[in-house]
Amino acid sequence: MPDLTEKTLEEFAAGLASKAPVPGGGGAAAYSASMAAALCAMACRLTSGKKQFEACEAEIQELLARSDSISARLCELVSEDAAVFEPLSKAWKIPKDDPSRAGIMEECTLRAASVPMETLRLCAETARICAELMDGKVTELMVSDAGTACELARGAAAASLFNVEVNTASLRDRAAAEELNAEAARLYRECEELTASVFRAVTERLKR
């Protein structure tokens, strides 16, 4: 499986538009979320060192480190999403009368759900960072970028929720499925709430 992060933006978009099974929605979600975290990192870097933010410089540096780490991990998840789909697509082709099919399908489906689940967790973490930035830790010039980051994170969270649920729908272990669904729904609600708060803060500050 090729490393999708080595593709240019145009190549990645062309891959999404093609008939190829990957990249797909899960990879697009991770890609978008990575851009959101990268915007947070940019906002931190362009705020760091400003005299009026001296009192919270340590907090800004901590947010920067978190943003960089999240963005890097989400880039990895773009390719990991494609990697976990490959064995699942092969499992679908196992004859239905093969006694090993159900177990293989279950294992592959759980693995396929794990990547959008991790993406969703990182989307929520990115939204938290955006909210922290809006709490007096970002310059006025970076307010719109922090807001953009949060909106991207929320959109990627919704896409990741869909990709968790499309996999859990076919799990035989319904207890495991419901546990994943509950966590995914909780994280998405958190993203929604944080994004609404950030949206209000951004629009108010831009009107000053």
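The values are calculated or read from the model by the stated rules, or taken from the named source; none is laboratory data. In this text, all values refer to a predicted model and were calculated from it rather than measured experimentally. Because the Cβ atoms are built from the backbone with ideal geometry, glycine has one as well, and the counts that use them run over all protein chains shown.
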(Q) Every residue in the stretch 171-208 that is surrounded by fewer than 13 Cβ atoms within 10 Å (Cβ to Cβ) and in a helix (DSSP H, G or I), please. (A) Arg174, Ala175, Glu178, Glu179, Ala182, Arg186, Ala196, Arg200, Thr203, Glu204, Leu206
Q | Odd one out for Arg186 among (1) more than 16 Å from the chain's Cα centre (by Cα); (2) of a type in the set (Lys, Arg); (3) at pLDDT 95 or above | A | (1)
Q. Does Gly155 meet the test of being touching a Phe, Trp or Tyr at 6+ places or on another chain (Cβ under 7 Å) and in contact (Cβ under 8 Å) with a residue 12 or more places away in the chain?
A. no
Q) Taking helices (runs of 4 or more DSSP H) that fall entirely within the stretch 1-115, which contain at least 2 residues that are more than 22 Å from the chain's Cα centre (by Cα) and touching a residue at least 60 places away in the same chain (Cβ under 8 Å)? A) 25-47, 57-91
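Looking for something touching a residue at least 24 places away in the same chain (Cβ under 8 Å), small (Gly, Ala, Ser) and buried (at least 23 other Cβ atoms within 10 Å of the Cβ) - is there at least one such residue anywhere in the stretch 118-138? Steps first, answer last, please.
Here is the first cut: in the stretch 118-138, the residues touching a residue at least 24 places away in the same chain (Cβ under 8 Å) are 118-134, 136-138.
From what is left, the residues that are small (Gly, Ala, Ser) are 124, 127, 131, 136.
Checking the rest, the ones that are also buried (at least 23 other Cβ atoms within 10 Å of the Cβ) come to 127.
The answer is yes; a qualifying residue exists.
Can you go through Ala82, Ala149 and tell me which one is in contact with a Pro (Cβ under 7 Å, 6 or more places away or on another chain) and surrounded by 18 or more Cβ atoms within 10 Å (Cβ to Cβ)? Before the answer, list the steps.
Numbers: Ala149 fails: in contact with a Pro (Cβ under 7 Å, 6 or more places away or on another chain).
Just a single option satisfies the conditions, and that option is Ala82.
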